[in-house]
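Below is one structure, written out as structure tokens; the observations come after it.
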Amino acid sequence: MDTPSGHVPVMMAEVLESLKPAPGEVMLDGTAGGGGHAAAIRERLRPGGRLILLDRDRESLERLMARFGREGDVRYFHANFRDFDQALTEAGEDQIDGALLDVGLSSLQLAEPERGFSFDQPGPLDMRFDRSQTLTAETIVNRWPEERLAATFREYGDQPMAGRIARVIVEARRREPICRTDVLAQIVMRALPAAFRRREKIHPATRVFQAIRIAVNDELKSLDTFFDKIFDHLKPGGRVVVIAFHSGEDRIVKTRMREAASQGRVRLPFTKPMTPTPEEIEANPRSRSARLRVAQVLPSAG
Ligand SMILES: C[S@@+](CC[C@H](N)C(=O)[O-])C[C@H]1O[C@@H](n2cnc3c(N)ncnc32)[C@H](O)[C@@H]1O
């Protein structure tokens with residue numbers, strides 16, 4: 001299923017099945033993006049429901065406003081989902097029935113070369129979800145010490161050749177600053193031995209670009225802070241659904257949900273994450289690494 005925005009929402013059936021939006025309920029979509037999930041959730045909240053949409057990307061949010069309009073059932077916030085509680089207060093809500101996060105970047109952002117997310121389209125090294133933020137990929141690539149770069153590639157990119165890539169980047173930037181996505185992609189390519197490149201199923205720059213994007217946007221911290229607060233804002237029986245695309249993110253989701261379950265606050269309908277069907281992966285290869293986890297606040301909690 002494609003959306004008018006060009007972003008194909010992942011695991012749509014599984015999201016609806018676990019979030020269970022129903023008429024009159026109040027829900028939060030903390031990563032509204034192209035609005036694919038949001039549109040389906042909104043339909044199911046009618047009549048009487050309310051949907052609160054957040055995105056750090058102002059352009060995405062403006063497109064959503066144009067698409068969904070200014071009807072009273074949808075509220076929009078240009079905000080990080082880690083600050084969702086402030087958005088709820090502003091929207092006059094406190095306790096909600098459900099929250100969805102579909103973390104990472106949208107195909108829309110990937111398709112715009114000037115956003116700098118894509119290694120196969122020449123563009124500036126930017127990668128900020130929120131363009132009012134000062135830290136960019138260019139700063140990280142040109143200023144961070146070699147050890148910090150290596151740790152970033154290892155932790156956020158699961159990159160086995162992290163040290164070697166960091167060393168080659170530092171050598172290259174001594175000659176001239178690295179300012180373009182295609183230049184960085186070539187440097188990474190050259191840093192890797194031919195045998196390693198042949199073995200890898202994905203482009204050698206994929207993991208490095210993912211790692212830099214996670215660092216630019218401080219993505220893991222946002223997820224952790226979200227979990228510090230979300231269970232306090234869900235009604236008894238309320239659901240939280242998170243789709244993660246990276247092992248580090250999924251680890252946080254798993255740990256924080258299990259922790260809440262061990263405190264008797266939530267139940268976890270599934271111990272293992274849900275994954276896309278082979279049909280979905282074939283139709284939308286971007287979905288291949290998606291992991292969906294659900295927690296439901298116990299009726300007696302709170
Ligand atoms: C994978 S897309 C979401 C797609 C959406 N579910 C749909 O159906 O179109 C992720 C979106 O989350 C936004 N985002 C990423 N991290 C965020 C954060 N910490 N707070 C708010 N938005 C964030 C990105 O700007 C992007 O638009």
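Any read-out appearing in this document is the output of simple, stated calculations on the displayed coordinates, not a laboratory observation. Everything numeric here is computed off the predicted structure, so don't read it as measured data. In this analysis, Cβ positions are derived from the backbone assuming ideal geometry, glycine residues included, and neighbour counts consider all displayed protein chains.
The phi torsions of segment 26-36, fed into the Karplus equation with coefficients 6.51, -1.76 and 1.60 and a -60° offset, translate into couplings of 10, 9, 10, 10, x, 9, 4, x, x, x, x Hz, rounded to whole numbers, with Gly and Pro shown as x.
Distance between the C-alpha centres of segment 188-202 and segment 129-149: 24 Å, rounded to the whole angstrom. Placing dummy labels 7 Å off each Cα toward the beta-carbon, the span from E259 to H203 is 3.6 nm. With distances taken between every two different alpha-carbon atoms, segment 134-216 has a Kirkwood hydrodynamic radius of 12.5 Å.
Looking at segment 30-108, the pairs of alpha carbons with a distance over 18 Å make up 34% of the total.
Rounded to whole numbers, the Karplus 3J(HN,Hα) couplings from phi for segment 179-195 are 10, 10, 4, 5, 5, 4, 4, 5, 4, 5, 4, 5, 6, 9, x, 4, 5 Hz, using 6.51 cos²θ - 1.76 cosθ + 1.60 with θ = phi - 60°, and x at Gly and Pro. Measuring nothing but alpha carbons in the chain and taking Rh as the Kirkwood radius, the Rg to Rh ratio lands at 0.99. Secondary-structure-derived ellipticity at 222 nm for the chain, considering helices only, amounts to -13000 deg cm²/dmol, per-run term -39500 (n - 2.57) for DSSP H runs with n ≥ 4.
Expected output is a single nm value to one decimal: the length gained when fully extending between R46 and E155, i.e. 0.36 nm times separation in residues minus the C-alpha distance. What is it? Mind dumping the intermediate values first?
On the way: separation 109, 0.36 × 109 = 39.24 nm, distance 4.22 nm.
The span from R46 to E155 would gain 35.0 nm if fully extended.
Amide hydrogen proximity for T277: with H placed 1.01 Å from N in the peptide plane, no residue at 5 or more positions away or on another chain lies under 5 Å. Extension gain for F196-D218 works out to 5.0 nm (0.36 nm per residue, less the C-alpha to C-alpha distance). Close amide-amide hydrogen proximity is noted between R50 and E25, V26, M27, each under 5 Å apart and 5 or more residues distant or on a separate chain (H modeled in the peptide plane; Pro and chain starts excluded). Annotation: amide H-H contacts under 5 Å for G237 (H modelled 1.01 Å from N, sequence separation of 5 or more, or interchain): V297, L298.
The gain in end-to-end length when the M12 to R267 segment is fully stretched comes to 89.6 nm, 0.36 nm per residue minus the alpha carbon separation. When both bridge partners sit in the chain, DSSP labels roughly 35% of those beta bridges antiparallel. Cβ under 12 Å from R286's Cβ, R286 left aside: what net charge do those residues give with Lys, Arg +1 and Asp, Glu -1? Spelling it out: positives minus negatives among the neighbours equals -2. Residues E93, E59 in ascending order of nearby Cβ atoms (within 10 Å, fewest first): E59, E93.
Of the trypsin sites (Lys or Arg not before Pro) in segment 175-250, which ones lie in a loop per DSSP and count no more than 11 other C-beta atoms within 10 Å?
Sparse-neighbourhood loop trypsin sites (Lys or Arg not before Pro): K201.
Scalar couplings 3J(HN,Hα) for segment 222-237, obtained by applying the Karplus form with A = 6.51, B = -1.76, C = 1.60 to θ = phi - 60°, are 4, 5, 4, 5, 4, 6, 4, 10, 4, 5, 6, 10, 9, 5, x, x Hz; x denotes Gly and Pro.
Segment 254-283 and segment 38-94 have Cα centres separated by 24 Å. Take the alpha carbon gyration tensor of segment 40-172, find the square roots of its eigenvalues, order them as a ≥ b ≥ c, and report rounded if a/c is under 1.5; if not, report prolate when a/b exceeds b/c, else oblate. Prolate shape, in that a/c is at least 1.5 and a/b is the bigger ratio.
Average the reciprocal distances over every distinct pair of alpha-carbons in segment 142-271, invert the result, and give the Kirkwood radius in Å.
Values: mean 1/r = 0.0594 Å⁻¹.
Computed over Cα pairs of segment 142-271, the Kirkwood hydrodynamic radius comes out at 16.8 Å.
Each Lys or Arg adds one and each Asp or Glu takes one away; over the other residues whose Cβ falls under 11 Å from the Cβ of P299, this sums to +2.
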